[in-house]
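The values are calculated or read from the model by the stated rules, or taken from the named source; none is laboratory data. Here the structure is a predicted model, which means the values were calculated and not measured. Here the Cβ positions follow ideal geometry from the backbone for every residue, glycine too, while neighbour counts run over all protein chains shown. Ligands, DNA and RNA are stripped out before the accessible areas are found, and what is left, the full protein with its side chains, is counted by its heavy atoms. Shrake-Rupley method; radii C 1.70, N 1.55, O 1.52, S 1.80 Å.
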Amino acid sequence: MENRRAQFPFPYQPYHIQEQFMQALYSALDQGKVGIFESPTGTGKSLSLICGALSWLTDYEEKRRQEAAALLHKGEAALSTSTAPSSSSSSSAEPDWITDFVQKKAERDLVSKLKEEELKRKKRAERLEMIRNNVQLKYAMKRKSCEDEEAFKLLQLSKEEQTETQADQEDEELIIAEYESDDESKTRSRFCGTEDDTDDDLVEEHVTKIYYCSRTHSQLAQFVHEVQKSPFSKDISLVTLGSRQNLCINEEVHRLNSIQRINDRCMEMQKNKHEKPHHEEGVKRKRGPSKSVCPYYKASAMQQMRDDILGTVHDIEQMLKLGRETHACPYYTTRLAVAPAQLVVLPYQMLLHEATRKAAGVQLQGQVVIIDEAHNLSDTLSCIHSAELTGAQLCRAHSQLTQYADRYKSRLKAKNLMYIKQILFVIEGLVRALGGKVGQNPQSQATLTGTEMLTINNFLFKAQIDNINLFKLQRYFEKSMISRKLGGFVEKYAGSGVSLHAQSSSNKENRRTEGLNRYLQTLQSSQSTASDSTADQQGSEAEKVLSASPMMQLESFFLALTNSNTDGRVVVHRQGNLSESSVKFLLLNPAVHFAQVLQQCRAVIIAGGTMQPVSDFKQELLFPAGVGEERITEFSCGHVIPPENILPLVLCSGPSGQELDFTFQNRDSLRMMDETGRILSNICNVVPGGVVCFFPSYEYSRRIISHWEASGALTRLANKKKIFQEPKKANQVEQVLSEFSRCIQRCAVDVSGLTGALLFSVVGGKMSEGINFSDDLGRCVVMVGMPYPNIKSPELQEKMSYLDKHLPHSGGRSPGQALIENLCMKAVNQSIGRAIRHRGDYSSIVLCDRRYSRPATLSKLPTWIKDRTSTHASFGPAFAALRKFFLENKQKQV
């Protein structure tokens, strides 16, 4: 059959569902589809993705090679055939010899092009073969690298001997170069085009490749390890991309900790390397310090490291080790390896943000993208492309830019001064929109309180900046590098009259990615349903934001304001104090930024363990981006576990007959909280090992646990299982999980004491995603209530309103109502997916709320759970089924 493969290379005999997965994936890639693939955790999804996708890539490359060879043969045959001149009269106005010449030239050009492509392909293949097999060459290069070590150490020591230089000489690099707003000439390449000693061989055209994206670096590392175990490990060229924070091996830079400061220092060292002395003959050079350059930024060493990376599959830790051995920068080396690599592994934030994508050298045209762990893809897109500025940041930016302009006004060109004045004018308008004034301490300025939601155009009118061309200002930011110049100015003159904090400089590659950086910083924080838990973490993040360059964030906000008026809103938060008040751009249409990925790529696969409800992806991301139903394909497989290894239950009432209705109006009643305690007590009586109980919010978790402490219910629970609670700080999660695990292991041996442990967690919190409660760690997952988001949130209300206006109604529900339901069930699916992690695992899932029994709600559960779910109007039969389930599984273990 077309678009199918008889067999897929696999490290072991694949499960039937893995074979189905790979066949569906192969077909989707071959037909250029947008696929939504769901495969529960524990079913070998990563290996199925690897073997299915790389099998297609291998076949596709072979098919292209054969087609090119056949075409070449045909072209050469046509050229070798001599055409006798025709004696018949031609109806064409041109003589036959001209027609024949044009035809032969086209054939010669085609043959020449095919030969050139075949030669390039052979050279790539031979080079990879040489890299993989020529060990002597590799170690010869390594010896050469070791010879440079003494020079490397001397360079490090020389930094201690740097002296002060004259202020005027240093200030030269803080002055903005002459700016021409209408200059549309291409900017030079970020790396290859500026590296003086870079070999031309380093610049390569992009081969057909697969971009694999996942949410975190740890998930990417796990994927690379699966590739290393696969049958393709010896034949595939793979590179993993990451941030400088993850890949920098220069200790002087890496110890700066802040993402922005690391980026800035790296760019500064590059600039120092590229600068050439250009002193006039006979003129004595001014004395000054030798500027620091990065000893790892060397073309020859990076070429060697690139070859090593392409020849053998490395994860990030192995790349860092290799970089230290070869004295080569892993960050820039990995970017050099993108073009020739067949599989590029990267965090999906890096792929979804256009500026970051370009900076990394990622080209999507005609390529394949696989986005794994994509259940929060829509939220991620919205977060990355949003931007926020506080009153304090605006006032600081205005103060610093004013001082910069005053200091250098005699040395700045007129056009630069004009644009700086425009930026200052816009800042004044933004502060005015918050109810304050620039030039005064923002902490002492009182404002009104309240939240206002405005369209982009209305906000521009309100701030009285509608006459400013933000597109030109944005282009000025990008080409003048004013963010970096101002950052260097503040860093140099902090403590000498420049207001507030010392700012580290920004850089060209780092600008326009403020939303991305904020997203990266908040990956571990809770979602909206659990936002009240992260006060400590948010406090530290607020400090990071305050210490960042306000100009970079201002530039990000300017860029956000250039979105279409219908695609976003500006939220004006007035907190009674200008310093704490803020303006925030809220992206309502994430599809506008995902459209480019969908349009350029040959095929896009959106995969995850729990992708339900799928309608969410189609309505929010695919249809608005212009993807038709005919291009979308869906695949959902069951679990590898036997049906008897899982017991999902919906409880509509508790042991005393109290109806379980955890709506906002009812959940705080004492009867409801007491009934929940009784349910947990009964569950802990029959469930061995670990029980994980999820509450809908941190606030409700605190309230119900406090009530149980007062009523004695918590003591009764503690007599059966040791109680643990999700920690407030993210860095304490590992410790709590470790103690939870050790407690369960001890209880399994000591049968006379406790029967295990009970962990209280929160949906959308630190333990509802990315944590595995396999085997005895999660024999039962209890979901208390339904974690609906805060319906009173102005931002959520605006999102609902936007969807109601732009999406069709279906099933008697508005798109806004569907969004609320989908957000809730996505969170539920992530939480209950913490259990059942492999084929031999078994667990029960108890959904405590009568609303789970609604058909529309049940339909949003993963298929493999939904098909085995039973609903119980009374507690007795449900408890009997639970007791029987664990007795039977206990007997199996004997």
- prompt: Quick one: Arg850 ticks every box in (1) closer than 22 Å to Pro696 by Cα; (2) touching a helix residue (DSSP H, G or I) at 6+ places or on another chain (Cβ under 9 Å); (3) surrounded by fewer than 21 Cβ atoms within 10 Å (Cβ to Cβ); (4) not aliphatic (A, V, I, L, M) bar one, so which box is it?
  reply: (2)
- request: Please specify each residue of the range 557-579 satisfying the condition of being of a type outside the set (Val, Ile, Thr) and within 27 Å of the chain's Cα centre (by Cα).
  value: Phe557, Phe558, Leu559, Ala560, Leu561, Asn563, Ser564, Asn565, Asp567, Gly568, Arg569
message: Could you tell me how many of the residues in the range 387-404 are open to solvent by 10 Å² or more (accessible area, probe 1.4 Å) and either in contact with a helix residue (DSSP H, G or I) (Cβ under 6 Å, 6 or more places away or on another chain) or acidic (Asp, Glu) (or both)?
response: 4
statement: Checking Pro794, Pro862, Pro787, Pro815 in turn, the sole residue that is open to solvent by less than 20 Å² (accessible area, probe 1.4 Å), modelled with pLDDT under 90 and more than 19 Å from Glu620 (Cα to Cα) turns out to be Pro862
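Table: residues versus (1) in contact with a Ser or Thr (Cβ under 7 Å, 6 or more places away or on another chain); (2) over 26 Å from Arg667 (Cα atoms); (3) in a helix (DSSP H, G or I).
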| residue | (1), (2), (3) |
| --- | --- |
| Ile836 | yes, yes, no |
| Ala856 | no, no, yes |
| Arg868 | no, yes, no |
| Phe879 | no, no, yes |
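Rundown of residues vs (1) within 20 Å of Leu819 (Cα to Cα); (2) part of a loop (DSSP other than H, G, I, E, B), yes/no style:
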{"residue": "Val572", "(1), (2)": "no, no"}
{"residue": "Gln575", "(1), (2)": "no, no"}
{"residue": "Phe594", "(1), (2)": "yes, no"}
{"residue": "Gln599", "(1), (2)": "no, no"}
{"residue": "Leu647", "(1), (2)": "no, no"}
{"residue": "Asp661", "(1), (2)": "no, yes"}
{"residue": "Asn666", "(1), (2)": "no, yes"}
{"residue": "Met672", "(1), (2)": "no, no"}
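Can you give me the number of residues within the range 818-843 that are more than 27 Å from the chain's Cα centre (by Cα) and either on the phi > 0 side of the Ramachandran plot or open to solvent by less than 60 Å² (accessible area, probe 1.4 Å) (or both)? Steps first, answer last, please.
We begin by selecting, within the range 818-843, every residue more than 27 Å from the chain's Cα centre (by Cα); these are 839-843.
Narrowing the set further to residues that are either on the phi > 0 side of the Ramachandran plot or open to solvent by less than 60 Å² (accessible area, probe 1.4 Å) (or both) leaves 840-843.
Residues flagged as more than 27 Å from the chain's Cα centre (by Cα) and either on the phi > 0 side of the Ramachandran plot or open to solvent by less than 60 Å² (accessible area, probe 1.4 Å) (or both) within the range 818-843 amount to 4.
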task: All but one of (1) open to solvent by 50 Å² or more (accessible area, probe 1.4 Å); (2) farther than 22 Å from Arg854 by Cα; (3) assigned to a helix (DSSP H, G or I) hold for Leu622, so report the exception by its number.
output: (1)
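Looking at the range 306-332, which of its residues are out of contact with any helix residue (DSSP H, G or I) (no Cβ under 8 Å at 6 or more places or on another chain) and either touching a residue at least 40 places away in the same chain (Cβ under 8 Å) or among the acidic types (Asp, Glu) (or both)?
First, pick out the residues of the range 306-332 that are out of contact with any helix residue (DSSP H, G or I) (no Cβ under 8 Å at 6 or more places or on another chain): 318, 321, 324.
Correct list: Arg324 only.
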query: Identify, please: which residue in the range 727-746 is more than 14 Å from Phe773 (Cα to Cα) and either open to solvent by 20 Å² or more (accessible area, probe 1.4 Å) or among the small types (Gly, Ala, Ser) (or both) and is, among those, modelled with the highest pLDDT?
result: Gln735
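Scan the helices (runs of 4 or more DSSP H) fully inside the range 317-375 and keep the ones with 3 or more residues being more than 23 Å from Asp307 (Cα to Cα) and open to solvent by 10 Å² or more (accessible area, probe 1.4 Å).
354-359
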message: Quick check on my filter: what residues within the range 430-466 are among the hydrophobic types (A, V, I, L, M, F, W, C), touching a His at 6+ places or on another chain (Cβ under 9 Å) and assigned to a loop (DSSP other than H, G, I, E, B)?
response: Leu434, Val438
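Just checking, does the range 448-468 include any residue being touching a Ser or Thr at 6+ places or on another chain (Cβ under 7 Å) and either over 23 Å from Tyr404 (Cβ atoms) or of a type outside the set (A, V, I, L, M) (or both)?
Going through the range 448-468, the residues touching a Ser or Thr at 6+ places or on another chain (Cβ under 7 Å) turn out to be none.
No, every residue in the range 448-468 fails to be touching a Ser or Thr at 6+ places or on another chain (Cβ under 7 Å) and either over 23 Å from Tyr404 (Cβ atoms) or of a type outside the set (A, V, I, L, M) (or both).
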- prompt: Only one of these conditions is not met by Val762: (1) surrounded by fewer than 21 Cβ atoms within 10 Å (Cβ to Cβ); (2) within 40 Å of the chain's Cα centre (by Cα). Which number is it?
  reply: (1)
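Does the range 42-66 hold any residues that are in a helix (DSSP H, G or I), open to solvent by 10 Å² or more (accessible area, probe 1.4 Å) and of a type outside the set (A, V, I, L, M), and which are they? Working first, answer last.
First pass over the range 42-66, keeping only residues in a helix (DSSP H, G or I): 45-66.
Pick out the ones that are also open to solvent by 10 Å² or more (accessible area, probe 1.4 Å) and you get 45-47, 58-66.
Across the range 42-66, the qualifying residues are Lys45, Ser46, Thr58, Asp59, Tyr60, Glu61, Glu62, Lys63, Arg64, Arg65, Gln66.
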- prompt: Based on what the data block shows, is Phe664 open to solvent by 10 Å² or more (accessible area, probe 1.4 Å), modelled with pLDDT of 90 or more, within 36 Å of the chain's Cα centre (by Cα) and not β-branched (Val, Ile, Thr)?
  reply: no
- line: Per the filter on the range 1-40, residues under 28 Å from the mean Cα position of the chain (by Cα), part of a loop (DSSP other than H, G, I, E, B) and over 16 Å from Asp59 (Cβ atoms) are Lys33, Ser39, Pro40
Candidates Ser615, Ser579 - the one that is among the hydroxyl-bearing types (Ser, Thr, Tyr), open to solvent by 10 Å² or more (accessible area, probe 1.4 Å) and part of a helix (DSSP H, G or I): Ser615
message: Go through (1) of a type in the set (Val, Ile, Thr); (2) in contact with a Leu (Cβ under 6 Å, 6 or more places away or on another chain); (3) open to solvent by 20 Å² or more (accessible area, probe 1.4 Å) for Val592 and report which single condition fails.
response: (2)
